[in-house]
Amino acid sequence: MSTLFTNARIINPELGTDALGWLLVDGGIIAGCGTQEPPEAATVVDCHGKCLAPGIVDIGVKVCEPGERHKESYKTAGAAAAAGGITTMVTRPDTQPAIDTPEVLEFVGRRANEAAPVNVVPMAALTKGRDGREMTEIGFLMDAGAVAFTDCEHVTADTKVFSRALTYARTCGALVIAHPQEPILSKGAAATASKFAALRGLPAVSPMAERMGLDRDIALIEMTGARYHADQITTARALPALKRAKENGLDITAGTSIHHLTLNDLDVADYRTFFKVTPPLRSEDDRLALIAAVKSGLIDVVCSMHTPQDEESKRLPFEEAAAGAVGLETLLPAAMRLYHNGDLTLPELFRALALNPAKRLGLVSGRIAEGAPADLVLFDADAPFVLDRFKLKSKSKNTPFDGARMQGKVLATYVAGEAVYRRD
């Protein structure tokens, strides 16, 4: 069955275009798009001038199966992703137990396919138990479906272990995703070091901890030739080192979270633990530098860094509360802040939200092109609303945007041409 989307504002990050036109889907694949007279189709969807873009590919989603299903399941995460315009979740291995064997990976793959309406591609742990002492069976895990390897926020402090893992990953062609932080300096930090943090009495970490961690990782990439992605670059201090590494031809990319692009360290003023994330929120100067880096392409990927935490984990003094925020449903409307402020165009945003993460992981999605999967999001970039966290489809409701005025509503999400979400 063919479906024709007409009168759509098509956002094409690959071509950098934003123009009214039509898009034809046939057999779950994009069969063509253009601005001239549209072809005939069995079903016609009038988009009424709203935005039609490639579905978001979100790297670093935590789904708490196995071990903490009370925080988030594949069913609830999948529903939240669909409602947020995310057509592919790239899931993290920081579960209980960690996803560090082919057997556990195959289990979560089955659960995801049964429960989630969107595509789910899993990452696996780089070291056993994510404890930084012994690497996992990278080759076997790749055969079982792992698209990348990461210990998430657990930094492998033993440089010899990390270098061996990078070397082995290079021989397998595997992508390693790391968290660039100096682990001793950043241990126990709840805020970024500043006069503000000192006045609030919060344990803090210098932005240089990120720069030091990235410098070490870059040296090891140069030594091993591995494929490397920094999960979150959040400080201006780290950007020159990243730029030099790219200019030197190293196989390195970097991401950042939507929270670090739209919030700053002053947002923790009232000790609201929903604003406690890892790394901690940074200064306004850092935030503006990150936006410029996304615009220039120095930072390749923008993600939600979706981290569900239950109420008991968050209703604690700020320094004791668990870090992390849910983001599957807020990623797109929060990103629209950057668009409405004039910081980024829609093609630039979807380059970082869809095209670049798909390319880095070797996925065929993330683009508006003939022959690509019809993974699409239809959204109204201008629709205003006030976010109510209790209306989120995630099991956990720990969002820093609760009560915030936002713009940008997902109207429908399509996976392989089939609607997996429609706004009522």
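When ligands, DNA and RNA are left out and all protein chains stay put, how many square angstrom of accessible area per residue does the range 291-411 have with a 1.4 Å probe? Each step should come with its number before you reach the end.
Numbers: 4220 Å² over 121 residues.
Result: 35 Å² per residue.
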log10 I(q)/I(0) for the range 233-316, Debye formula on C-alpha points only (no solvent), q = 0.11, 0.22 Å⁻¹, two decimals, reads -0.34, -1.02
Rounded, prolate or oblate: which one fits the range 137-240, using the alpha carbon gyration tensor with axes a ≥ b ≥ c (rounded when a/c is under 1.5, else prolate when a/b beats b/c, else oblate)? prolate
What's the Cα-based Rg to Rh of the range 313-424, Rh via Kirkwood? 1.01
With a 1.4 Å probe and all protein chains kept in place, how much accessible area does Leu355 have, in Å² rounded to the nearest 10? 10
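Would you tally the net charge around Val205, using a Cβ to Cβ cut-off of less than 10 Å, leaving Val205 out, and scoring K and R as +1, D and E as -1?
Details: positive: Lys187; negative: Glu182, Glu210.
Net of charged neighbours comes to -1.
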What's the extension gain from His48 to Leu288 if we count 0.36 nm per residue and subtract their Cα-Cα distance? 83.0 nm
So I have (i) 67, 60, 39; (ii) 62, 48, 43; (iii) 56, 55, 53, and one of them is Cα extents along the principal axes in Å calculated from this model. Which one is it? (ii)
I want the local charge near His260. Using Cβ-Cβ distances under 9 Å, sum +1 for each Lys or Arg and -1 for each Asp or Glu among the other residues. +1
May I ask you to evaluate 6.51 cos²θ - 1.76 cosθ + 1.60, the Karplus curve with θ = phi - 60°, for each residue of the range 111-123 and list the ³J(HN,Hα) values in order in whole Hz, giving x for glycine and proline? 4, 5, 5, 6, 9, 9, x, 10, 5, 10, 10, x, 9
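Carbon-plus-sulfur fraction of the accessible area of the chain, 1.4 Å probe, in percent? The partial results should precede the final answer.
Details: 8380 of 16570 Å².
After summing per-atom areas, the C and S share lands at 51 percent.
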With both partners inside the chain, how many of the DSSP beta bridges are antiparallel, as a percent to the nearest 5? 50
Please turn the phi angles of the range 360-370 into ³J(HN,Hα) values with the Karplus equation 6.51 cos²θ - 1.76 cosθ + 1.60 (θ = phi - 60°), one per residue in order, whole Hz, x for glycine and proline. 5, 8, x, 8, 8, 8, x, 9, 9, 7, 4
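Using the heavy atoms of the protein chains and a 1.4 angstrom probe, tell me the accessible area per residue for the range 1-148 in square angstrom. Before the final figure, lay out the partial values.
Details: 5870 Å² over 148 residues.
Ligands and nucleic acids excluded, the result is 40 Å² per residue.
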Label point 7 Å out from Phe107 along Cα-to-Cβ: which residues of the range 52-77 have amide N under 19 Å? 62-77
Semi-axes a, b, c in Å (a largest) for the range 62-186, each sqrt of 5 times a Cα gyration tensor eigenvalue, come to 25, 16, 13
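Quick check: from the Cα gyration tensor, does the range 115-169 come out rounded (a/c under 1.5), prolate or oblate? Please report the intermediate quantities before stating the final value.
Details: a/c = 2.88, a/b = 1.83, b/c = 1.57.
It is prolate, given that a/c is not under 1.5 and a/b is the larger ratio.
Work out, step by step, the length gained on full extension between Leu316 and Thr17: first 0.36 nm times the residue separation, then minus their alpha carbon distance; give nm to one decimal.
Values: separation 299, 0.36 × 299 = 107.64 nm, distance 4.65 nm.
Gain on stretching Leu316 to Thr17: 103.0 nm.
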At 7 Å along the Cα-to-beta-carbon direction for both Asp267 and Lys187, put a label point, then send me their distance in nm to one decimal. 2.9
List the residues, sorted by chain then number, that are 5 or more residues from Arg282 or on another chain and whose placed amide H is less than 5 Å from its amide H. Asp265
Hypothetical label at Asp382: residues of the range 49-69 whose amide nitrogen lies under 18 Å (7 Å Cα-Cβ projection): 49-53
Sorted by chain and then number, the residues having a modelled amide H within less than 5 Å of the amide H of Ala383, at least 5 places away or on another chain, are Gly408, Lys409
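Averaged per residue, what accessible surface does the range 211-277 expose to a 1.4 Å probe, in Å²? Present the calculation step by step, with values, prior to reporting the outcome.
On the way: 2460 Å² over 67 residues.
Ligands and nucleic acids excluded, the figure is 37 Å² per residue.
How do the peptides 40-49, 124-133, 244-253 rank, highest first, by the average count of neighbouring beta carbon atoms within 10 Å per residue? Before the final figure, lay out each step's value.
Working: 40-49: 13.5, 124-133: 20.8, 244-253: 15.0.
Highest-to-lowest ranking by the protection proxy: 124-133, 244-253, 40-49.
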Sum of side-chain charges, Lys314 neighbourhood, beta-carbon under 13 Å (Lys, Arg +1; Asp, Glu -1): 0
Amide H to amide H, which residues 5 or more places from Ile30 or on other chains are under 5 Å from it, using H placed in the peptide plane? Gly371, Ala372, Ala374
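The values are calculated or read from the model by the stated rules, or taken from the named source; none is laboratory data. Note that the structure is predicted; figures quoted are calculated from it, not measured. Glycine also receives a Cβ, built like all others from the backbone with ideal geometry; neighbour counts cover every protein chain displayed. Quick note on the areas: whole protein, heavy atoms, side chains included, nothing else; ligands and nucleic acids left out. Shrake-Rupley method; radii C 1.70, N 1.55, O 1.52, S 1.80 Å.
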